[in-house]
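Below is one structure, written out as structure tokens; the observations come after it.
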Amino acid sequence: MAERLLMMALSPTMSEGTIVKWKVAEGSAFAAGSVLCEVETDKASMDYEATKDAVLLKILLPEGGKASVGDPIAVIGKAGEDPGPLAAAAPGIASRPPAAAAPGPVPVLPRAPSFAPEPSAPIAPPRVPTAAAEGMKRPSAPSSFPPSSPLARALARELGVDLRSARGSGPGGRVVERDVRALAELGPQAARGAAAATGPRATAPDQAADRRVPVTGKRAVIARRLSESFFVAPHYYLKRRVDAGPVMALRATANAGRQKPISLNAFLIKLSAEAIVRHPYVNSTWEGATILERSSIDIGLAVDLPDGLITPVVRDCARKGVAAIDEELSALIAKARERGLAPSEYEGPGFTISNLGSFGVEEFTAIINPPGSAILALGAAVAEPFVRDDGTVGVRRAMALTLGCDHRVIDGAAGARFLATLVSLIEEPGKALL
Amino acid sequence: MAVITYREALNRALDEEMARDARVFLMGEEVGEYDGAYKVSKGLLSKYGADRVRDTPIAELGFTGAGVGAAIAGLRPVVEWMTHNFALLAVDQVVNEAAKMRYMSGGQLSVPIVFRGPNGPAEYLGSQHSQALASLWTHVPGLKVLAPATPADAYGLLKSAIRDDDPVVFLENELMYATKGEVAEQEFLIPMGKASTARPGKDVTIVSFSRPLLAALEAAESLAAKGIEAEVLDLRSLRPLDEDALYESVGRTGRCVVVDESWPVASVGSHVAYLVSRECFDFLDAPVALVSGEDIPMPYNHALELAAQPSAAKIERAVLRALYREE
């Protein structure tokens, strides 16, 4: 029976593709695994491989034509079969926005890690020993995603390696453990290169050439999520300066006699949670048709790591004391540095804090960390003169708070109310008990 | 620690268990006057008398059934089959009677019996006498199946088998009877259901049992010269199977080669490969390999006979393939 051949997502990020060349003529038979056409995706030219033996009855999308993923590009079937209405029902190709491109199941590649970035050049399909030569029967993989061993996949996830930039050395181009390890070794080099740029000049003259470093999976995730947040969520920023003296004094008192001092961040997480309790709309997520108001106050803290930042999340901060928050936070940070966090340990914060005070940054703006709708940027606590209510001048330790909000969820006045509460809690932490 | 043969280890286990428990007796073809077709029962007739070491007619179904009856009645028989090939005549007694009795009597009856004898190809014996039948027995719930590869395991496992309250099929091997190994002079038991690490390693797990284990060890030695550290896991007990040991080892090495001299279809080896593929999926860097006997009746021609069985060279090739180091 004749059926439509749909434009396939030849990469995880592809939303539409252009036919560069049809490799099979109308009326010709083709075999599973053979190349039907060449498709230009967002960044590369890929082979579109047949998944079954059939005959190309009718080409719906000519060379140069553009189609969204899921749109029909041809009709296939048995020799001599009439494509019938299937051929007539060619859609408004290329006029359709990518978001609407899902008529029926979209043939997205199975198991393709969603974070994998597009390779900068087409991957040459590996033509090493074939499955037949190995005496094995197995399904053919789509051409943009090389076969890989389960261990290689698990390791790639762990090391933040994009499997598709690996060159598979196994049979049929299978990416195996050693290929992933070889690729992972490029990562630290990249990190070293970045450090050298800011530190003392260490580049030898013969190494002065430009280098193209593969984007690690983690870097790709950071890039995608923050771009999405910054370009989609309408950000605005509210700034307040706060007297950090009282909370620092409270911290000093609390830490007296403690072997391991509680961090200032733990106090600020707790006080933020208390401010959220008083303004729960801050702890919510824009979902398009609905707004998710979260029951648990889960706060993330941006942590700097050599291979890119990560945001461990302390769950349910409203119900936890400062010491418990601090203990959890330091365990998460240690784990993030040693071997990486499990998704459950960094996913889904409703509110995030980023503190660049230790770098001497006095104030800055941060990009909202989805799925939250607000982020608090903390600057360094610095001594500054200030005018008291009675007109005299004093010196205080002041800190700049910059609250970034998603205007779709939090209006300006609502954000300001939350920030006012947070300021008053930081300046008079005792109020948190009320 | 004494170095003794596999045959002597079995003899010592039988002797000790017969001395320990008057209900234990041995019966089978040539076990008495002839001291056993392979001399496993040497000296037992003169020591324990004809009541407890009984020569039987060449009638496997009959004497195996008599053994099952004696076990139900309260004795602890050890039935020797001259080979497992001949035991095919007695399958009904083992599968339909011994393996079912506890279940079908609602736990009222138990069958504490050991069926033992050589299994697997020896040499120059032809198709009918060169079969590895471990899979056949292991298929059956209600049976326990043991396949030791060393004298110490043969000794410790046979003692455990005799003391067990359920039917145990015990697989020996003609070509292993003369192999030697250390066996502690002090009495010991080896529990059923525990695999042993015959050689530690980190690059690949070779899983085997019975005689092919020796080929696996030989392959591991040769691989070591190539810088590959193969771990060799000896299952010893096929049912119950030590799954934890399998997963622990393959979880570490990420590669698994199963060696089983049985035919490859629906075998212990293919079952182990399935379990490893299922449970260790995320840790595997290569498909689980199975080195088996060829899927044919055993040829009589000696060159073909050897070629039809797993060998150190075949195991080594499978390991190199699993490591993607095949030339």
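The values are calculated or read from the model by the stated rules, or taken from the named source; none is laboratory data. All values reported here derive from a predicted model rather than from experimental measurement. Note: ideal-geometry Cβ built from the backbone for every residue, glycine included; neighbour counts use all protein chains shown.
Pairing each residue of segment A:153-180 that is away from every other protein chain (no Cβ under 13 Å) with any residue that is surrounded by fewer than 19 Cβ atoms within 10 Å (Cβ to Cβ) and among the acidic types (Asp, Glu), provided the two are 6+ apart or on different chains, yields C-beta distances under 8 Å for A:160/A:307.
Among the hydroxyl-bearing types (Ser, Thr, Tyr) and farther than 30 Å from residue B:156 by Cβ, is that true of residue B:274? In short, no.
Please tell me if residue B:274 is without any contact (Cβ under 8 Å) to a residue 60 or more places away in the chain and either buried (at least 19 other Cβ atoms within 10 Å of the Cβ) or away from chain A (no Cβ under 14 Å) (or both). So residue B:274 fits the description; yes. Out of all the residues in segment A:329-341, is one or more under 25 Å from residue A:421 (Cα atoms) and in the same structural domain as residue A:378 (by TED's automatic domain parsing)? Yes, there is a match, as at least one residue in segment A:329-341 is under 25 Å from residue A:421 (Cα atoms) and in the same structural domain as residue A:378 (by TED's automatic domain parsing). Quick check on my filter: what residues within segment A:342-386 are more than 26 Å from residue A:318 (Cβ to Cβ) and outside any loop (DSSP other than H, G, I, E, B)? Those that are more than 26 Å from residue A:318 (Cβ to Cβ) and outside any loop (DSSP other than H, G, I, E, B): A:358, A:359, A:382, A:383, A:384, A:385, A:386.
Among the residues of segment A:395-407, are any assigned to a loop (DSSP other than H, G, I, E, B) and either touching a Leu at 6+ places or on another chain (Cβ under 6 Å) or touching a residue at least 24 places away in the same chain (Cβ under 8 Å) (or both)? So far as segment A:395-407 goes, yes, one or more of its residues are assigned to a loop (DSSP other than H, G, I, E, B) and either touching a Leu at 6+ places or on another chain (Cβ under 6 Å) or touching a residue at least 24 places away in the same chain (Cβ under 8 Å) (or both).
Annotation note: of B:325, B:317, the sole residue that is basic (Lys, Arg) and modelled with pLDDT under 95 is B:325.
Annotation for segment B:225-245: no member residue is crowded, with 22+ Cβ neighbours inside 10 Å, within 14 Å of chain A (Cβ to nearest Cβ) and over 17 Å from the mean Cα position of the chain (by Cα). Remark: pairs (first residue in segment B:167-191, under 18 Å from residue B:78 (Cα atoms) and surrounded by 24 or more Cβ atoms within 10 Å (Cβ to Cβ); second residue modelled with pLDDT under 95 and among the charged types (D, E, K, R); Cβ separation under 6 Å; 6+ apart in sequence or on different chains) are absent. Apart from one condition, residue A:240 fits all of (1) part of a strand (DSSP E or B); (2) under 17 Å from the mean Cα position of the chain (by Cα); the exception is (2).
In segment B:248-267, the residues that are away from chain A (no Cβ under 14 Å) and farther than 27 Å from residue A:152 by Cβ form Cβ pairs under 8 Å with partners that are among the hydrophobic types (A, V, I, L, M, F, W, C) and part of a loop (DSSP other than H, G, I, E, B), at six or more places apart or across chains, as follows: B:260/B:132; B:260/B:209; B:261/B:132; B:262/B:132; B:262/B:133; B:263/B:132.
Filtered by the rule that a residue be over 19 Å from residue A:358 (Cα atoms) and part of a loop (DSSP other than H, G, I, E, B), segment A:308-339 gives A:315, A:316, A:320, A:321, A:339.
Among the residues making up segment A:409-434, those that are loosely packed, with under 14 Cβ neighbours inside 10 Å and at pLDDT 95 or above are A:411, A:412, A:413.
Somewhere in segment B:201-224, is a residue among the hydrophobic types (A, V, I, L, M, F, W, C), surrounded by 17 or more Cβ atoms within 10 Å (Cβ to Cβ), away from every other protein chain (no Cβ under 14 Å) and touching a His at 6+ places or on another chain (Cβ under 8 Å)? Checked against the condition, which is being among the hydrophobic types (A, V, I, L, M, F, W, C), surrounded by 17 or more Cβ atoms within 10 Å (Cβ to Cβ), away from every other protein chain (no Cβ under 14 Å) and touching a His at 6+ places or on another chain (Cβ under 8 Å), segment B:201-224 yields no hits at all.
Against the numbered list (1) of a type in the set (Asp, Glu); (2) crowded, with 23+ Cβ neighbours inside 10 Å; (3) part of a loop (DSSP other than H, G, I, E, B), residue B:153 comes up short only at (3). Select from segment B:287-322 the residues that are crowded, with 23+ Cβ neighbours inside 10 Å and touching a Lys or Arg at 6+ places or on another chain (Cβ under 7 Å) and list them in ascending order. Selection gives B:291, B:322.
Is it the case that some residue within segment B:142-155 is under 16 Å from the mean Cα position of the chain (by Cα), at negative phi and without any contact (Cβ under 8 Å) to a residue 60 or more places away in the chain?
Within segment B:142-155, the subset under 16 Å from the mean Cα position of the chain (by Cα) is B:143-155.
Cutting the leftovers down to at negative phi gives us B:143-155.
Among the residues that remain, those that are also without any contact (Cβ under 8 Å) to a residue 60 or more places away in the chain are: none.
So far as segment B:142-155 goes, no, none of its residues is under 16 Å from the mean Cα position of the chain (by Cα), at negative phi and without any contact (Cβ under 8 Å) to a residue 60 or more places away in the chain.
With respect to being touching a helix residue (DSSP H, G or I) at 6+ places or on another chain (Cβ under 9 Å), aliphatic (A, V, I, L, M), under 22 Å from residue A:235 (Cα atoms) and modelled with pLDDT under 95, residue A:309 fits the description. Working carefully through the options B:279, B:221, find the one that is outside the structural domain of residue B:127 (by TED's automatic domain parsing), closer than 27 Å to residue A:174 by Cα and acidic (Asp, Glu). Just one listed residue meets the conditions, B:279. When residue B:197 is tested against the conditions (1) in a loop (DSSP other than H, G, I, E, B); (2) farther than 18 Å from residue B:117 by Cα, the lone failure is (1). Taking only segment B:279-300 into account, find how many residues are over 23 Å from residue A:178 (Cβ atoms) and within 11 Å of chain A (Cβ to nearest Cβ). So the answer is 0. Restricting segment A:286-300 to residues that are modelled with pLDDT under 95 and not in a loop (DSSP other than H, G, I, E, B) leaves a set whose member that is farthest from residue A:223 (Cα to Cα) is A:293.
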